[in-house]
Amino acid sequence: MITYGKQQITDEDVEAVIRALRSDFLTCGPEVDAFEREFAEMVGAPHAVAVCNATAALHLAMAVAEIGPEDRVITSPNTFLASANCAAFVGAIPDFCDIDPVSYNLDPTALEEGWREDTKAVVAVAYAGQPANMPEISRISSERGAIVIEDACHGTGGGFHHDGKEWKLGGHPWADMTIFSFHPVKTMTTGEGGILVTDNAEYARRARLLRSHGMERDAERFQGLGSDDPVLAEKGRWMYEMQELGWNYRITDLQCALGRSQLRRLPELVERRREIVAKYNQGLAGLPWLTCPGLSGWLGEQGRALMSSHLYTVQVDFEALGRSRTEVMAELVEKGIGTQVLYIPVHLQPWYRARYGYGPGKCPIAEAYYGKALSIPLFPAMTDEEVDYVIGGIRGLWNA
Ligand SMILES: *Cc1c(COP(=O)(O)O)cnc(C)c1O
């Protein structure tokens, strides 16, 4: 069975985890610090805070930006639940503006039209790894006093060209914070894991604090209750202060050891994904009942070379095929080809309808896209033969 996504684990990865397992620290140790440093360096950002998953990182981003019950957070409907749920975690209203029909990313024009006075943050998702139009989204948001959080969970190692320069996701100036996921189907993995990247030292400091119960151990930063307070006046190295209400969102040294090992191989992992995408683009071109993923105009042709692709989602005219998507997916499973539907527009989920009154018609382009969406296998361990086999399987749907 060729699944739609899968991790690649080498002997070096396994050895790195075993070394960590035999070391003095299973958590809060040197592997965590080193992973953060190396990841920050890879994207070209000053600060990185690694956590137990990207959902936790998105929650921390909301918390450190002080998004709360009076606020609205706009994101793309074509994303994983977590990009919107993070707003609900802090009591804010998650809201959705439509996507553009080429990149399937948040459309800046729709964002401008759907903007509401209480919007305090935009979560811009790099769907499938293609960057959203960050310079435009950043302009619209900053003019209106909102921050931008880039959900780059699909795009680790990717970037774009703009203003005569190459930028990495997480390292460009058009997002206040960027989030990456290390779930096994993503570009690189730590089993479960995520990271928050920012150029804002205060955001990073608070994300670190909130990752571990809001607990401060640095005496320099103690708030204290005055020297006459019987409990908090002592300043020993054992001392800790809870300054805010946080969570346990820590990641382990085992995971970060795996992360560091995967990070060393990231350029190869990204390059292999690019090769497979190029093969798909060629092998699936020219079918009147199928549309390959497009490239947004603002990225230019360089965009393709800099992209780190997580998904390959085609638009299929199931009516023309005379079968439902579910039937087609079952036929492909028979041939050993796993597919996925990414994504059901988040605003159409039962909880979102019940809680916020959203429903069909709110984001018509995302809804039409969803009706035809099919994500086909894309992961670095795929062989060329497997890629050709998937192409043959998809093309063969017409005659089946
Ligand atoms: C995977 C994913 C997340 C959540 O990542 P976890 O590490 O599983 O919590 C968030 N946003 C997007 C777009 C994702 O694909």
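Things to note:
- Residue match in region 64-81 (condition: out of contact with any strand residue (DSSP E or B) (no Cβ under 8 Å at 6 or more places or on another chain), of a type in the set (D, E, K, R) and under 23 Å from L295 (Cα atoms)): no
- Some residue of region 238-247 being under 30 Å from E319 (Cα atoms), surrounded by fewer than 17 Cβ atoms within 10 Å (Cβ to Cβ), aliphatic (A, V, I, L, M) and out of contact with any helix residue (DSSP H, G or I) (no Cβ under 9 Å at 6 or more places or on another chain): no
- Residue ID - nearest to the ligand (Cβ to nearest atom), chosen from residues in region 143-170 that are acidic (D, E) and over 18 Å from R304 (Cβ atoms): D151
- Residues being charged (D, E, K, R), farther than 28 Å from E117 by Cβ and in contact with a helix residue (DSSP H, G or I) (Cβ under 8 Å, 6 or more places away or on another chain) - total across region 37-95: 1
- The residue that is nearest to P135 (Cα to Cα), counting only those in region 77-119 that are of a type in the set (F, W, Y) and within 16 Å of the ligand (Cβ to nearest atom), is Y104.
- For region 171-189, the condition holds for at least one residue, the condition being that it is away from the ligand (no atom under 16 Å from the Cβ), among the aromatic types (F, W, Y) and modelled with pLDDT of 95 or more.
- Residue match in region 79-88 (condition: of a type outside the set (S, T, N, Q), modelled with pLDDT of 95 or more and touching a Cys at 6+ places or on another chain (Cβ under 9 Å)): yes
- Among the residues making up region 168-208, those that are among the hydrophobic types (A, V, I, L, M, F, W, C) and either crowded, with 24+ Cβ neighbours inside 10 Å or under 14 Å from V148 (Cβ atoms) (or both) are L169, W174, A175, M177, I179, F180, F182, M188, I195, L196, V197, A207.
- Hits in region 128-160 (condition: in contact with a Ser or Thr (Cβ under 7 Å, 6 or more places away or on another chain) and in a helix (DSSP H, G or I)): A128, G129
- Residue within region 7-28 that is within 17 Å of the chain's Cα centre (by Cα) and under 25 Å from S308 (Cβ atoms) present: yes
To keep it simple, each residue is scored yes or no on (1) touching a His at 6+ places or on another chain (Cβ under 9 Å); (2) surrounded by fewer than 17 Cβ atoms within 10 Å (Cβ to Cβ).
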{"site": "E327", "(1), (2)": "no, yes"}
{"site": "G336", "(1), (2)": "no, yes"}
{"site": "P350", "(1), (2)": "no, yes"}
{"site": "R353", "(1), (2)": "yes, yes"}
{"site": "G371", "(1), (2)": "no, yes"}
{"site": "L378", "(1), (2)": "yes, no"}
{"site": "T383", "(1), (2)": "no, yes"}
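- Residue pairs meeting the criteria (Cβ under 6 Å; at least 6 apart or on separate chains; first within 11 Å of G396 (Cβ to Cβ) and in contact (Cβ under 8 Å) with a residue 60 or more places away in the chain, in region 319-341; second among the hydroxyl-bearing types (S, T, Y) and crowded, with 16+ Cβ neighbours inside 10 Å): L332/T339
- Within region 221-245, restricting attention to residues that are hydrophobic (A, V, I, L, M, F, W, C) and part of a loop (DSSP other than H, G, I, E, B), the residue that is modelled with the highest pLDDT is L245.
- Within region 53-71, the set of residues being in a loop (DSSP other than H, G, I, E, B) and more than 16 Å from the ligand (Cβ to nearest atom) comprises A65, E66, I67, G68, P69, E70, D71.
- Residue match in region 39-50 (condition: assigned to a helix (DSSP H, G or I), crowded, with 23+ Cβ neighbours inside 10 Å and either at pLDDT below 95 or within 16 Å of the ligand (Cβ to nearest atom) (or both)): yes
To keep it simple, each residue is scored yes or no on (1) of a type in the set (A, V, I, L, M); (2) under 22 Å from V277 (Cα atoms); (3) in contact with a Ser or Thr (Cβ under 9 Å, 6 or more places away or on another chain); (4) not in a helix (DSSP H, G or I).
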| position | (1), (2), (3), (4) |
| --- | --- |
| E319 | no, no, no, no |
| M329 | yes, yes, yes, no |
| V333 | yes, yes, yes, no |
| I391 | yes, yes, no, no |
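- Members of region 161-200 found to be outside any loop (DSSP other than H, G, I, E, B) and over 30 Å from V17 (Cα atoms), listed by number: H161, H162, K165, E166, W167
The values are calculated or read from the model by the stated rules, or taken from the named source; none is laboratory data. What you are looking at is a predicted structure, and each value in this text was computed from that prediction instead of being measured. All Cβ positions, glycine included, derive from the backbone under ideal geometry; neighbour counts span all protein chains shown.
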